[in-house]
1. Taking only segment 290-332 into account, find how many residues are without any contact (Cβ under 8 Å) to a residue 60 or more places away in the chain, under 20 Å from Ser235 (Cβ atoms), of a type in the set (A, V, I, L, M, F, W, C) and not in a loop (DSSP other than H, G, I, E, B).
2. Where in segment 43-161 are there strands (runs of 3 or more DSSP E), lying wholly inside it, with at least 3 residues that are more than 30 Å from Gly173 (Cβ to Cβ)?
3. Given the options Leu302, Leu368, Leu276, name the one that is over 22 Å from Thr262 (Cα atoms) and either of a type in the set (A, V, I, L, M) or touching a Cys at 6+ places or on another chain (Cβ under 8 Å) (or both).
4. So which of Leu382, Leu353, Leu368 is within 43 Å of the chain's Cα centre (by Cα) and in a strand (DSSP E or B)?
5. Take Lys278 and tell me if it is surrounded by fewer than 20 Cβ atoms within 10 Å (Cβ to Cβ), touching a strand residue (DSSP E or B) at 6+ places or on another chain (Cβ under 7 Å), closer than 21 Å to Ala226 by Cα and charged (D, E, K, R).
6. Residues Ala156, Ala147, Ala127: which one is without any contact (Cβ under 8 Å) to a residue 60 or more places away in the chain, crowded, with 16+ Cβ neighbours inside 10 Å and within 30 Å of Leu85 (Cβ to Cβ)?
7. Name the pairs: first residue in segment 401-413 and in the same structural domain as Leu436 (by TED's automatic domain parsing) and at pLDDT below 75, second residue outside any strand (DSSP E or B) and surrounded by 15 or more Cβ atoms within 10 Å (Cβ to Cβ), Cβ to Cβ under 7 Å, at least 6 apart or on different chains?
8. What are the residues in segment 389-421 that are of a type in the set (Phe, Trp, Tyr) and surrounded by 16 or more Cβ atoms within 10 Å (Cβ to Cβ), if any?
Amino acid sequence: MPRNPSTGVYSKPAGTTPSVGQVIDPVPWNALTTDLGNEITNSLPRDGSAPMVAPLKAASGTVSAPGVGFASVPQTGLYLKGGGLLGFTQNGVDVAFDHAMVYAAKSADYTAVASDDAAVHRFTAVATVTLTAAATLGANWHYTVIADGADVTIDANGAETIDGAATLVVPNGYSVFIICSGAAFFTNKVLTRLLAKAETTAVGSFIDGVLLSNNSGSPTTHVDFAAGSVRSGSSFVSNAASITKRINGTWAVGTGNGGLDTGSVGASATYFAYALRKDDDLSFDVVFSTSATIGGVNTTLLTGYTIVKQIGVVLTDATSLIRLFVMYPRDEYTFVTPVKDAVGVSISTTSNLTTLTVPNGVKSKAKLRFEFTSSATTNAALLSDPAQGILAAGIGDDGGNIGTIQVASGFAIGSQEIWTNTSRQIRRVAGASGSLWVWTDGFHFPCGRNA
């Protein structure tokens, strides 16, 4: 074949360059015409009427002069990059194309590496995704995580960050698109906007779940908070699993750690529990405070957190240990051991206040049982909400709620749920002098649970 297959240069067969007067030998001339016919057949028609029958070998080209270009726009086309990579150029400017997307399901912790560029990983269980160093992954590396079964934590390498934070939590049912700059990681903010959407458009205040209970292992120092959701106005936080906070230590992030906003645990004290939301990843935590209002909570230790709502209360006894309790739906608490708040206290026609073991600084509805004795017959006693003012006991006045003694020095019993004032007190009065015993079984402290 006279055409060089490597260079494409055609060379005539020998004996096909005659001189004047020379008799032409038909053998080489017939070979020449046969070669010319073959080469014309093997040439690609300019009108595109015939296809290639072997690979087309183009020049390597450059970004400004591609190996395959266009007559009208010679700087647009294909060229060969370094490392055997195909390049695309438009008007002399390189055009980048993404890798093919690769999907995989995961059910355990995973380390994302350079080959996961453009990958989509769906996690079906609790997992932590550790990112390889940003410098190793390089600029433009990108990765998608879908949380489909449990929360997934994205953990940047070393001191590197994701959107400025060390970690990012992808709640169950959400996904996130992560981009590497070569030095740090960023998201497209869609996750943040989705999580914020419910807050900015919702109103109202409620608590769904998050019931309090004494921890089974350390019931007098640790409190468990069940899974659930909390909203106050436009602020919302949710926890998928229960967490534990201890009352005998200052606050530190995470389950099992201290919960006090400041100071140390006190005797016969009231500690209000507040739901916290971490600003960067919207995760849930709890802080205890003696303040009955959010405004009074000491926030020194709570940098980066928003106090969402008060969610419950625990009381300590005279030895600074948590009183054992059972919490029921609709914010109802019952002490495991009833508290005897009055023992033979004098009661008479003069109205006085009795202090109970209920939350301090707020009004609550005490769950009470009481017993009354008097040397006077047909005598009754009346326990009441201080907000009603000073009442008088007796059938001719404001009645009674501890029965009517028919025999001198006899006993009468009763029970009732009565609202207190903010100093934990109710009023007591009788139709005649006597003695009073009061047992506090628990209380209702409304925080916003409807079930």
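The values are calculated or read from the model by the stated rules, or taken from the named source; none is laboratory data. Predicted model only: the values in this text are computed from it and were never measured. With ideal geometry, Cβ positions are generated from the backbone for all residues, glycine too; neighbour counts draw on all protein chains shown.
1. Matching residues across segment 290-332 total 2.
2. Working: elements: 77-80, 86-90, 93-95, 102-106, 110-112, 119-123, 127-131, 142-147, 152-155.
Filter on segment 43-161 gives 77-80, 86-90, 93-95.
3. Working: Leu302 fails: over 22 Å from Thr262 (Cα atoms); Leu276 fails: over 22 Å from Thr262 (Cα atoms).
Criteria check complete, one pass: Leu368.
4. Working: Leu382 fails: within 43 Å of the chain's Cα centre (by Cα); Leu353 fails: within 43 Å of the chain's Cα centre (by Cα).
On inspection, the qualifying residue turns out to be Leu368.
5. Details: surrounded by fewer than 20 Cβ atoms within 10 Å (Cβ to Cβ): yes; touching a strand residue (DSSP E or B) at 6+ places or on another chain (Cβ under 7 Å): yes; closer than 21 Å to Ala226 by Cα: yes; charged (D, E, K, R): yes.
Yes, satisfied.
6. Exactly one residue qualifies, and that residue is Ala156.
7. Cβ pairs passing all conditions: Thr404/Ala380.
8. First, pick out the residues of segment 389-421 that are of a type in the set (Phe, Trp, Tyr): 411, 419.
Across segment 389-421, the qualifying residue is only Trp419.
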